[in-house]
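Visitor: Can you keep this structure in mind? I'll have questions shortly.
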Amino acid sequence: MIEREIHGDVAVLRLAHGKASALDLEFLGALESAFRAEQDSKERALVLTGTGSIFSAGVDLKRIVEGRRAYIEAFLPALERAFAQLFFLEKPVVAAINGHAIAGGAVLALCCDHRLLARGKGLVGTPELKVGVPFPYLALEIVRAAVGPLVAAELVLEGRTYNGEESLERGLAHELLGPEALLSRALDSAAKLAATPPNSYALTKRFLRLPARVAWEHERERNAAAILDNWCSDATLGAIDAYVAKTLR
């Protein structure tokens, strides 16, 4: 599911869960464990990348429709735990976005401190509302922290996906470069960030993420039931099933 490599002071985690690294319950558990382990690893920075032409296609919608409420009750907390472990990781984290980063896959990329995107056909976006599901609260905080409120509103409410130049323009990616240079540039970027004294970087990043953490911790229990009920409703599951039938079958 996840491949780990070491390049000097930098660890590389490669998403390798099927063709699209879709986020299902088992994969989320593996991601949460991997991100938690990186916090205590001796490597001073992390690069997160994908496999082939896809970084991550987001939530495995077929599993949602098949598992319904029993599955969703376990899935949504697992999704937020994985996001939280990455977003609040107190080390430099660089995303080497090798291709499509859609919905939850885009949120994973936006958790990272610096984002590199390969030129090509890869799209980045969060079309959750087009699928018919609301955003978990932490996902919204991550998007807002990464690109600011104006772009975040466009991103989540319009549900568009963006090509490389459009992603660069909106801050979804900080750099756009050829696929052959992606990993080496990501390693270089991570190594440069890792040159900062680790305790100073960790404390600064903690403070930078603090507004999002406070907002999430204040709101998550209050809104968890509403989010769960919405994902599990007949209307939402019907919309997801229709989207799957239209796009994935």
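The values are calculated or read from the model by the stated rules, or taken from the named source; none is laboratory data. Not measured: the values here are computed from a predicted model. Note: ideal-geometry Cβ built from the backbone for every residue, glycine included; neighbour counts use all protein chains shown.
Visitor: Could we say that Gly105 is over 21 Å from Gly50 (Cα atoms) and touching a residue at least 40 places away in the same chain (Cβ under 8 Å) here?
Guide: Taking the combined requirement at face value, the residue does not satisfy it.
Visitor: While we're looking at this one, here's another question. Does Ser184 satisfy the criteria of being in a helix (DSSP H, G or I), in contact with a strand residue (DSSP E or B) (Cβ under 6 Å, 6 or more places away or on another chain), closer than 30 Å to Lys121 by Cα and not basic (Lys, Arg)?
Guide: no
Visitor: Does Ala202 satisfy being hydrophobic (A, V, I, L, M, F, W, C) and either buried (at least 18 other Cβ atoms within 10 Å of the Cβ) or within 23 Å of Glu154 (Cα to Cα) (or both)?
Guide: So Ala202 does not fit the description; no.
Visitor: For the range 214-224, check the following and say yes or no: at least one residue is outside any helix (DSSP H, G or I) and either at pLDDT below 95 or surrounded by fewer than 17 Cβ atoms within 10 Å (Cβ to Cβ) (or both).
Guide: No, every residue in the range 214-224 fails to be outside any helix (DSSP H, G or I) and either at pLDDT below 95 or surrounded by fewer than 17 Cβ atoms within 10 Å (Cβ to Cβ) (or both).
Visitor: Follow-up question, since we're still on this one. Is the range 241-248 home to any residue that is surrounded by 13 or more Cβ atoms within 10 Å (Cβ to Cβ), part of a helix (DSSP H, G or I) and of a type in the set (Asp, Glu)?
Guide: yes
One line per residue, one yes/no per condition, for (1) over 16 Å from the mean Cα position of the chain (by Cα); (2) touching a residue at least 60 places away in the same chain (Cβ under 8 Å); (3) under 23 Å from Tyr243 (Cβ atoms); (4) in a helix (DSSP H, G or I):
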position	(1), (2), (3), (4)
Leu140	no, no, yes, yes
Val143	no, no, yes, yes
Pro149	yes, no, no, yes
Ala152	no, no, yes, yes
Glu165	yes, no, no, yes
Glu169	yes, no, no, yes
Leu172	no, yes, yes, no
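Visitor: Between Ala82, Ala74, which is crowded, with 23+ Cβ neighbours inside 10 Å, touching a residue at least 24 places away in the same chain (Cβ under 8 Å) and either in contact with a Pro (Cβ under 8 Å, 6 or more places away or on another chain) or hydrophobic (A, V, I, L, M, F, W, C) (or both)?
Guide: Going through Ala82, Ala74 in turn, the sole match is Ala82.
Visitor: Would a scan of the range 139-158 turn up a residue that is over 25 Å from Leu193 (Cβ atoms) and touching a Lys or Arg at 6+ places or on another chain (Cβ under 7 Å)?
Guide: no
Visitor: In the range 203-249, what residues are of a type in the set (Ser, Thr, Tyr) and touching a residue at least 60 places away in the same chain (Cβ under 8 Å)? Working first, answer last.
Guide: Going through the range 203-249, the residues of a type in the set (Ser, Thr, Tyr) turn out to be 204, 233, 236, 243, 247.
Thr236, Tyr243 - these are the residues of the range 203-249 that are of a type in the set (Ser, Thr, Tyr) and touching a residue at least 60 places away in the same chain (Cβ under 8 Å).
Visitor: Something else: Can you tell me which condition Leu176 does not meet? The list is (1) free of Cβ contacts under 8 Å to residues at least 12 places away in the same chain; (2) outside any helix (DSSP H, G or I); (3) of a type outside the set (Asp, Glu), and all the others hold.
Guide: The one condition Leu176 does not meet is (1).
Visitor: Please enumerate the residues belonging to the range 128-182 that are among the aliphatic types (A, V, I, L, M), within 18 Å of Gly104 (Cβ to Cβ) and surrounded by fewer than 16 Cβ atoms within 10 Å (Cβ to Cβ).
Guide: Result: Leu129, Leu157.
Visitor: Search the range 2-39 for residues being on the phi > 0 side of the Ramachandran plot and not polar (S, T, N, Q), and hand back the single one that is surrounded by the fewest Cβ atoms within 10 Å (Cβ to Cβ).
Guide: Of the residues in the range 2-39, the ones on the phi > 0 side of the Ramachandran plot are 8, 18, 21.
Imposing the further condition that a residue be not polar (S, T, N, Q) reduces the set to 8, 18.
Details: Gly8: 12, Gly18: 14.
Looking at the filtered set, the residue picked out is Gly8.
Visitor: Here's something else I'd like to know. Could we say that Val65 is over 18 Å from Asp24 (Cα atoms), of a type in the set (A, V, I, L, M) and touching a helix residue (DSSP H, G or I) at 6+ places or on another chain (Cβ under 8 Å) here?
Guide: Spelling it out, it is not the case that Val65 is over 18 Å from Asp24 (Cα atoms), of a type in the set (A, V, I, L, M) and touching a helix residue (DSSP H, G or I) at 6+ places or on another chain (Cβ under 8 Å).
Visitor: Return the total of residues in the range 42-62 being crowded, with 18+ Cβ neighbours inside 10 Å and either in contact with a Pro (Cβ under 8 Å, 6 or more places away or on another chain) or in a helix (DSSP H, G or I) (or both).
Guide: 4
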